[in-house]
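The values are calculated or read from the model by the stated rules, or taken from the named source; none is laboratory data. Note that the coordinates shown come from a computational prediction; the quantities given were computed from them, not determined experimentally. No Cβ is skipped: glycine too gets one built from the backbone with ideal geometry, and neighbour counts run over all protein chains shown.
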Amino acid sequence: MKSKKDLALGAVKILEELYPEASCALMYDGEPWKLLVMARLSAQCTDKRVNEVCKTLFVIYPTLDSLANAKLSEVTEIVRPCGLYHVKAADIISSAKRLKEVYGGILPDSMEELLTFAGVGRKVANLLLGDIYKKPAVVVDTHCMRISKRLGLVDPNINSPEKIEKALAELIPPEKQSDFCHRIVTFGREYCPARGYNCALCPLKGLCQFAQKTRKEE
């Protein structure tokens, strides 16, 4: 039986072959402040919808300064399709102001500092650290949680994102963590959704405990 470390390395290799280009699903045009905004909007919302909403948002507010000085009521109406729009609008304006006034527009590169921004938790902070600064970072979203459990990389009874983050950080090489998380999102959408999965067609079926269990039950 393979160790969790071997399972993780095997999954990393297959996903690299399957998706040679690992990229963030949020289309932020390489601008750190935009990713900060989009990541906050993505909570309980699809990346596709965030991308659509932000086409409008960034036309009206094309710079960090313009968003920092925006009227809350106007931003609230723009981000309404993302859900939780009152809180999200307030958070992104607050974050824009903080980024401008405290950091001179330069996104900080530490977990501790990123967590001081409104609405930013470890998932968003890790996304920013990995994508912007290429630091080791495990982004535990719903796809990552579901698939890491199904593969057998983490205990299926663990529901704490922080515990899953810690477990995966010990299994996945630091330089591959951020890209692994981007790839697992794409993989989750294409092959391993919460429902409607087809283990027989899955590229990871040879490694996956869930696929092996499903096959035995058939």
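Could you please find all residues in segment 165-215 being aromatic (Phe, Trp, Tyr) and either farther than 14 Å from LEU7 by Cβ or in contact with a strand residue (DSSP E or B) (Cβ under 8 Å, 6 or more places away or on another chain) (or both)?
Of everything in segment 165-215, those that are aromatic (Phe, Trp, Tyr) and either farther than 14 Å from LEU7 by Cβ or in contact with a strand residue (DSSP E or B) (Cβ under 8 Å, 6 or more places away or on another chain) (or both) turn out to be PHE187, TYR191, TYR197.
Consider LYS123 carefully, then state whether it is within 13 Å of PRO32 (Cα to Cα), at pLDDT 95 or above and of a type in the set (Lys, Arg).
The answer is no for LYS123.
Do any residues in segment 10-33 that are crowded, with 16+ Cβ neighbours inside 10 Å have Cβ atoms under 7 Å from those of residues that are outside any helix (DSSP H, G or I) and β-branched (Val, Ile, Thr), where the two are at least six apart or on different chains, and which pairs are they?
Qualifying pairs under 7 Å: VAL12/ILE172.
Of these, ALA125, ALA137, which one is crowded, with 20+ Cβ neighbours inside 10 Å, without any contact (Cβ under 8 Å) to a residue 40 or more places away in the chain, under 14 Å from the mean Cα position of the chain (by Cα) and over 18 Å from ILE14 (Cβ atoms)?
ALA125
Among the candidates GLU165, GLU112, GLU101, single out the residue that is under 25 Å from PHE210 (Cβ atoms) and part of a helix (DSSP H, G or I).
GLU165
Restricting to segment 41-84, count the residues that are within 12 Å of LEU26 (Cβ to Cβ), in a helix (DSSP H, G or I) and β-branched (Val, Ile, Thr).
2
Would you confirm, using the coordinates I've provided, whether PRO136 is within 24 Å of ARG189 (Cα to Cα) and in a loop (DSSP other than H, G, I, E, B)?
yes
(1) over 30 Å from LEU171 (Cβ atoms); (2) more than 22 Å from the chain's Cα centre (by Cα); (3) in contact (Cβ under 8 Å) with a residue 12 or more places away in the chain: which one isn't true of LYS2, the others all being true?
All conditions are met except number (1).
Looking at ALA200, ALA194, ALA211, ALA137, which is the one that is modelled with pLDDT of 95 or more and not basic (Lys, Arg)?
Criteria check complete, one pass: ALA137.
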